[in-house]
Structure formats: structure tokens, C-alpha cells
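Taking it in order: structure first as C-alpha cells, then the write-up.
Computed from the coordinates by the stated procedures, all read-outs in this text should not be read as laboratory data. Only a predicted model underlies this, so the values are computations on that prediction, with no experimental measurement involved. For neighbour counting, all protein chains shown are included, and Cβ atoms are generated from backbone atoms with ideal geometry for every residue, glycine included.
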Amino acid sequence: MVVLLNAVRMAVLELARNITRTALTSLGILIGVAAVIAMVGLGQGATSSIQGDLASLGVNMLMIDSGTGGGPGAHTPAPPLSMADADAIAEQVPHVAAVAPTMNAAAIAVVGDQDWSTSVVGTNAQWLDVMGRELAVGRAFTEGEERSGAAVCIVGQTITEELLGDSDPLGAKIRLGKVTCEVIGVLGAEGQNTFGMDQDDLVIMPIRVVQRRLAGSTDVGTIFVSADAPETMSAVSRDLDALMRERRGVRSEASVNFSVRDTREMAAMVGNITGILTTFLAAVAGVSLLVGGIGIMNIMLVSVTERTREIGIRMAIGALESDVMTQFLVEAVVLSTFGGVMGILVGLTGTFIGSVLIGIPFVVDPLIVVLAVGFSGLMGVAFGWWPARRAARLEPIDALRHS
């Protein structure tokens, strides 16, 4: 241990003699470690943010859509969903806490001489429970308003800011196409999600008024279902699948014309995708570590050449080959570890700045930091071994003759 500590002390002194060369040699390792930490940190932050957004979509939520496929252009046309489907789910599927059929429509909201393009969601009062949204002020729809299709609405914070200003929103009249609705409630603010969508730019109305007077159709776009507990979600999903197969006359897998999606499965899928992308980006960034290691090997070979006479003197007074090799290996490890530590600082700083600019959580994986330090040291051993071996194999007499 004493020998190793002495070797470390001598390595630090030797590297400090030419601090500029030491810093430039460590730069490759620094950039590589910083890039890997930043890529992994930002990737994990993005994953956390997206999964948080998916979780905020609703409480123990499942979504039922007509057709199959989830990507643009991959949706298979199929008979639309209906209010009868939503009623059947509420009556026949156990462990269902809330069911919210929805019909979406785009509209221009007008108040006085102000107008704003927004999204209108036709649904019922249970939408608030399924989506986990709360009212800042006001109330939800009554059963009578839902059955009759009354022209009442609940608005998001963006609508109140853009159209209503500082006035009391409750009781205000908003014209949406040919419909004029009375504001009975205001949703609590949610802000933008990771995808850049404003979750407060919407108007909620009873689904029947949206179907009749805005969409001109009795179809239901999506049925949102909330299970009564996380542990019952799998059972609810199976029961929903069985019920919808029966109601839609599905007799084989090839004829399935609907989809039941679980937000947990969506979050896991997103996590897998972002994990693969993060690993790929980290691997690309890790190439600079290889470049940095080659730089260390080159500078150590130069150091061996410059210190040939010193090596000869040490061997002449009794130093063993193992002593010389250990000294140069320790120098290479100290050099690469210095770059690794500085790379960690730069990487964490870059991750923090990037997370603030992008608007995602600042996530630091301690394992990545530990691996970064260990890998940088390993790079020193790997690329310092040949120069160290070359120094140890020098003949003392030849080394002493070197000028």
C-alpha cells in the first residue's frame, strides 16, 4: 500500500510538471465521460417526464378505441363506439370506478370581440375522476344536464386568460360554433406536457350537445375507464376486452375491430423506446472515450521517450521492471481518472442546464457516475499498459546512454 501511495504521489508530481499537456491529454476522457453522463441523464429525465405525463392522463385509466393499431396511418377503420357501449361497461364490468365516453371537436371560442381556437371535449361528469382533474372554481355537470344536452361548459385556465381576462368566469357566455354555452366551472391548471400540448386549452361540455350541435354525429370517439384500484386494472382490461368482443361480434383475432389500452403498458413501452435511444446515444458518445484513451497512450509513449535516462538511473540503483511498470501505469490511471472526474462535473452541469432548457426533470443515476469513474480508470490501465511495458523492458545501460 505504501508503494502504491508513493507511486500515486510521484505520478501527480510528474503530471503537474506539465499541467498544460496533462489537461489537453485528459480532454478526450473528459468529453467522453461528460457526453455519456449528459446523454444518459437527459434520456432518463425525458423518460421520467413522459411517464409522468402518461400517469397524469388519469387514475388507473384504460382507453377503448374503435379500430386497431396505434400509429398514424396504422388505424384500421371499424364501426364507431356508442353511448350504449359506455353504459354496458358501467353496468357489466366489475371493479370499474368511472366511465367517461368522449367526443372531441375543434371550435372557435368567441367572447365579445375576442376569439380563440380550442378543443371541445364532449363527455360526462365522470371525466374529471377518470382524468384526475379538479375544478378550481364552480361545479361539474348534473345528470339532468347530461341527459338533456344542456349548453353548459367547464373551461381550462387558458380559455379564461385569453377570453375572460380578470372577470368572473362563472356565468360567462362563450360561443362555440353555433352553440352558446354558460360557464359553470374552471379546471385547475395543468400546464404543458412533455409533448408541448397545453392541457388547459380545452372546453368540456355534455357529450350529447357536442354530438348533436358540433359534431353532427351520435358516435363516441374514445371511452375512458377508471379501475377502482391499481391491482384490478389487469382484470378490468380482460373484462373490457371480453365485453367489447361480444358487443362487436368479434369471432377471431383477425376480426378484432377495437383496442383496449392500459396507461401502464403505454408508459412501459415509452420507457423501453427511450431506454434504447438513450443507450444508443450513450454508445455514440462513448466513442470519444476511445479517442481519449488513444491520446493517453500517445502521451505516455512520449513520456517514456523523454524519461528514458531517468528510467535507466532507477533501474541502475535497484528498481525492478515491476516498479517501473507500476509507476507508468499509475500515471496513466491518474491522468484518465482526472479526466473522468472533470467529465463528471461537466456532464452533471450539462445535464442540469439541458433539463432546465428542455423542461424535463433533472435525473442523476449514481450508478452511471460510479461506472464513469471506474471506466475512465480502466481506460488508463488499458491504454497505459503498452507504454508502461515498453518502459519496463528498457535495458538499463541503453537507457543511461540515452541523452
Next item on the list: Rank by packing, highest mean first: peptides 200-207, 376-383, 164-171, 248-255, with packing defined as the count of other Cβ atoms within 10 Å averaged across residues.
Entry: 200-207, 376-383, 164-171, 248-255
Item checked: Val111, Val363, Val210, Val33 arranged by Cβ crowding within 10 Å, fewest neighbours leading -> Val363, Val111, Val210, Val33
Item checked: Rounded if a/c under 1.5, otherwise prolate or oblate - the range 207-248, Cα gyration tensor axes -> oblate
Notebook entry, point to check: Taking the alpha-carbon centroid of each part, what is the distance from the range 166-237 to the range 72-133 in angstrom?
Noted result: 7
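How many percent of DSSP beta bridges within the range 79-256 run antiparallel, rounded to 5?
Details: 28 of 37 bridges.
Counting only bridges with both partners in the range 79-256, antiparallel ones make up about 75 percent.
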Notebook entry, point to check: Can you give the relative contact order of the range 108-216 as a percent, counting alpha carbon pairs under 8 Å and 6+ residues apart?
Noted result: 40
Checklist line | Packing rank of 37-49, 96-108, where each peptide gets the mean count of other beta carbons within 10 Å, highest leading | finding: 37-49, 96-108
